[in-house]
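Enquirer: This is the structure I have questions about; it appears just below.
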Amino acid sequence: MPRSKKPPLLKKLTGTSAARYGSLPMIALPADNELQRSFNTDVAHVLQGSSLYRRSTVLMHPFEGELREMRADSFVSWSQKYFVGYKLKTDKDGNPYQVLRDMTESTAKLCLASPEFVSSIPMINRIYPSPVPMITEQGALILCTPGYDPSTGTYVFDGKIVPQDPDPNRPPLTGPVSSDNYFDDSVSPADAFWQLYDLHSNFPFADWSDWITPGDSDPLYRLDDKGEVRKYRMSRSLAVQIGAMLSLFAANCVPQAASRMGFIYNANQQRSGKTLLVKIATAPVYGGFKAQSWREDEESMVKSLDAEILAASPYICFDNVRGMVQSQVLEGLFTSPIWTGRILGRTEKFVAENNTCIFITGNNVNAGTDIQHRCLYSSLHVDEGDAQSRDIEGSIIDDVWLADPKNRREILSALWSIVRHWDHAGRPIALGRTRQGFDTWGKLIGGMVEFAMFGDMLERPVLENAGDSEAEDMVSLIKLLHAADRPDYTYQEIVHFCWDHGLFSWLLQGREDMRPLRPDQGAPALLTLLLNDKCNSRMGVLLKRHSTERGSVHSFNDASGTPVKVRFFSKFGGRHKRFFLNPITLSTHP
């Protein structure tokens, strides 16, 4: 006979206890004739509509703008907002009476781990510490207001962004979707452009264009305080920054299954403002900013990413990164809308939505090929030798300024204006070429940026103080091997070529020693570099990526200027592994 799904009839506190704790439901704690399963079921019914949610099988609760795991020791006191536990006692005459009791930590732990309890708790997929736009499954644009939306598993905090009476001198622009006074609905797309442009005009973007003077028919036509036409400059890096802001604010306007690109802020020296740009992208929505250091080893990177995804972190910022930006697990995160990870401190795994946006900042960032293909660059260049001597006009933007609810609301109103008018205009997509693997995200967010009149954020950058060093060094290595003109090469010979010519410098750590490069052929010993275990492993992965049995094809001009085309591949394995260069005949047909 199936068990009834009706909620249990629970007594409520009365009398002096109710006056002290409130008229809360009473639940019998596990004891004689009171099973743990019955307790779990009763608690699950009482907590329906509470602020307890789950990520996969992990119970979480929203706290100060983030998700935190509900531990058994916390659950004991937290749950008392919703019910009180009791046990039955018997007096000397054999009459039963109730005694209020805290549940034990072991009882709480058993409850939080029980399948009947976990399965009854609603899923949470995304969190936002302030109201944000969302395109529903039915295709409508709405503003997610504070609270929980069960259809998408989205939880929104108020984030100190509350409805305000509109300015009578600035009536709301009707037609597009309204924010119900959470934001300033009087902001036009042109107003939004100038607000965001003024916010970023002092940043030393490396690709500022010449000054542009809009005509009186241009929507950006404005007069300054002196009655002169306002001029502006365009910048691909600024377009990327606006894309970063919209990628966070309008994340729910992109289908969850779409892969999302990350953002690299690269500068030629310190104090350029790269971290401040990330703060401007994150703090208006999230009320603050958090960063972490780069993880050099993959095991630490896995633990960090697992923890962030489990907590539904909307962004991860690796700040002030030095050395080579390269990580297989991070590369996989960009193209994994659903993430499988391990729960920290347990042997269990979890499966959850990946909605995080990756930010990386650094000076002269040296990113691997795969990371570069997954990120958009915002490039900064400071001309002054001492960045502290740079003159900055206007008000100073810092953490205090960004945390001010008034400033946050103004920035969010500009972003909301872009999204609501973009929606009203038919949601135009990016006109330029999108990035492979990120087409949906690029068309939507890129479309918003272009609609906001900031240009093409997806345009390929010309990187002066960063580049695809891995690809460049590989071409240099192939040229050296071709010039050496040997039938094959050992692994140590490859390492020696790299060490002798400074290629893949981020992998050249170890000790110098006298060793033969081809010991099986009686070659003499010479001074070479023996890589340490970490660099050996990374060099092996790099060479495996570029020299499979099928090989990679490279075209270049040799020292005499003659066009050359070769295939770089490997055979065998272990200490017998060899690397080969086979020439490919160039076609003479036009």
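The values are calculated or read from the model by the stated rules, or taken from the named source; none is laboratory data. A quick note: this is a predicted structure, and the numbers were derived from the prediction, not measured. Heads up, the Cβs are rebuilt from the backbone with ideal geometry, glycines too, and the neighbour counts pull from every protein chain shown. Heads up: the accessible areas ignore ligands, DNA and RNA and are worked out on the full protein's heavy atoms, side chains in. Shrake-Rupley method; radii C 1.70, N 1.55, O 1.52, S 1.80 Å.
Enquirer: So, in the range 158-174, how many residues would count as being in contact (Cβ under 8 Å) with a residue 12 or more places away in the chain, open to solvent by 40 Å² or more (accessible area, probe 1.4 Å) and either touching a Gly at 6+ places or on another chain (Cβ under 9 Å) or not hydrophobic (A, V, I, L, M, F, W, C) (or both)?
Expert: Adding up the residues that qualify gives 10.
Enquirer: Given the condition over 18 Å from residue 447 (Cβ atoms) and surrounded by 14 or more Cβ atoms within 10 Å (Cβ to Cβ), answer yes or no: does some residue in the range 234-250 qualify?
Expert: Filtering the range 234-250 down to residues over 18 Å from residue 447 (Cβ atoms) leaves 235, 237.
With surrounded by 14 or more Cβ atoms within 10 Å (Cβ to Cβ) added as a condition, the list becomes 235, 237.
Yes, the range 234-250 has at least one match.
Enquirer: To continue, here is another question. Give just the number: which of (1) farther than 17 Å from residue 480 by Cβ; (2) open to solvent by less than 70 Å² (accessible area, probe 1.4 Å); (3) free of Cβ contacts under 8 Å to residues at least 24 places away in the same chain does residue 497 not satisfy?
Expert: The number of the failed condition is (1).
Enquirer: Could you list, ordered by first residue, the pairs with Cβ atoms under 9 Å in which the first is in the range 146-157 and in contact (Cβ under 8 Å) with a residue 24 or more places away in the chain and the second is among the hydrophobic types (A, V, I, L, M, F, W, C) and open to solvent by 40 Å² or more (accessible area, probe 1.4 Å), at least 6 apart or interchain?
Expert: If the second residue must be among the hydrophobic types (A, V, I, L, M, F, W, C) and open to solvent by 40 Å² or more (accessible area, probe 1.4 Å), the pairs left are 150/123; 153/123.
Enquirer: Something else about it: Residues that are modelled with pLDDT of 80 or more and touching a Cys at 6+ places or on another chain (Cβ under 9 Å): which strands (runs of 3 or more DSSP E) entirely in the range 336-396 hold 1 or more of them?
Expert: In the range 336-396, the matching strands (runs of 3 or more DSSP E) lie at 357-363.
Enquirer: Quickly run through the range 253-287 and pick out the residues that are farther than 30 Å from residue 428 by Cβ, out of contact with any Ser or Thr (no Cβ under 8 Å at 6 or more places or on another chain) and open to solvent by less than 30 Å² (accessible area, probe 1.4 Å).
Expert: Matches in the range 253-287: 272, 273.
Enquirer: Confirm whether residue 553 is under 15 Å from residue 494 (Cβ atoms) and open to solvent by 30 Å² or more (accessible area, probe 1.4 Å). It would help to see each step written out before you state the result.
Expert: Working: under 15 Å from residue 494 (Cβ atoms): no; open to solvent by 30 Å² or more (accessible area, probe 1.4 Å): yes.
So residue 553 does not fit the description; no.
Enquirer: Still on this model: Would you check if there is a residue in the range 299-307 being within 26 Å of residue 409 (Cβ to Cβ) and open to solvent by 10 Å² or more (accessible area, probe 1.4 Å)? It would help to see each step written out before you state the result.
Expert: Keep residues of the range 299-307 that are within 26 Å of residue 409 (Cβ to Cβ), which gives none.
No; the residues of the range 299-307 include none that is within 26 Å of residue 409 (Cβ to Cβ) and open to solvent by 10 Å² or more (accessible area, probe 1.4 Å).
Enquirer: While we're on this one: As an exercise: evaluate residue 66 against (1) in contact (Cβ under 8 Å) with a residue 24 or more places away in the chain; (2) farther than 21 Å from residue 312 by Cβ; (3) acidic (Asp, Glu) and give the number of the one condition it does not meet.
Expert: The number of the failed condition is (2).
Enquirer: Something else now. Tell me yes or no: at least one residue of the range 515-529 is within 30 Å of residue 367 (Cα to Cα), touching a residue at least 24 places away in the same chain (Cβ under 8 Å) and open to solvent by 30 Å² or more (accessible area, probe 1.4 Å).
Expert: no
Enquirer: When you scan the range 555-570, do you find a residue that is charged (D, E, K, R) and under 30 Å from residue 325 (Cα atoms), even just one?
Expert: Just the residues of the range 555-570 that are charged (D, E, K, R), to begin with: 558, 565, 567.
Filter once more, so that each one left must be under 30 Å from residue 325 (Cα atoms): 565, 567.
Taking every residue of the range 555-570 in turn, at least one turns out to be charged (D, E, K, R) and under 30 Å from residue 325 (Cα atoms).
Enquirer: Could you run through the range 275-297 and say how many residues are over 26 Å from residue 161 (Cα atoms) and of a type outside the set (Gly, Ala, Ser)?
Expert: 5
Enquirer: If I go through the range 561-590 residue by residue, how many of them are of a type outside the set (A, V, I, L, M), at pLDDT 85 or above, farther than 14 Å from residue 495 by Cβ and assigned to a loop (DSSP other than H, G, I, E, B)?
Expert: Residues flagged as of a type outside the set (A, V, I, L, M), at pLDDT 85 or above, farther than 14 Å from residue 495 by Cβ and assigned to a loop (DSSP other than H, G, I, E, B) within the range 561-590 amount to 2.
Enquirer: Please work out if residue 418 is β-branched (Val, Ile, Thr) and modelled with pLDDT of 95 or more. Full working, then the answer.
Expert: Details: β-branched (Val, Ile, Thr): yes; modelled with pLDDT of 95 or more: yes.
Judged against the criteria, residue 418 is a match.
Enquirer: Suppose we filter the range 278-328 for residues that are under 24 Å from residue 255 (Cβ atoms) and of a type in the set (A, V, I, L, M); how many remain?
Expert: Count: 8.
Enquirer: Can you find a residue in the range 227-235 that is outside any loop (DSSP other than H, G, I, E, B) and modelled with pLDDT of 95 or more?
Expert: yes
Enquirer: Here is a further query. What are the residues in the range 79-102 that are touching a residue at least 24 places away in the same chain (Cβ under 8 Å) and not charged (D, E, K, R), if any?
Expert: Once the filter is applied, which keeps residues that are touching a residue at least 24 places away in the same chain (Cβ under 8 Å) and not charged (D, E, K, R), the range 79-102 yields 79, 80, 82, 83, 84, 85, 86, 88, 98, 100.
Enquirer: Show the residue pairs meeting these rules: Cβ distance below 9 Å; 6+ apart or different chains; first residue within the range 182-209 and over 18 Å from residue 285 (Cα atoms) and outside any helix (DSSP H, G or I); second residue β-branched (Val, Ile, Thr) and open to solvent by 20 Å² or more (accessible area, probe 1.4 Å).
Expert: 202/392; 202/397; 206/462; 207/462
Enquirer: Tell me which residues, restricted to the range 78-100, are among the hydroxyl-bearing types (Ser, Thr, Tyr) and exposed (fewer than 11 other Cβ atoms within 10 Å of the Cβ).
Expert: Those that are among the hydroxyl-bearing types (Ser, Thr, Tyr) and exposed (fewer than 11 other Cβ atoms within 10 Å of the Cβ): 90, 97.
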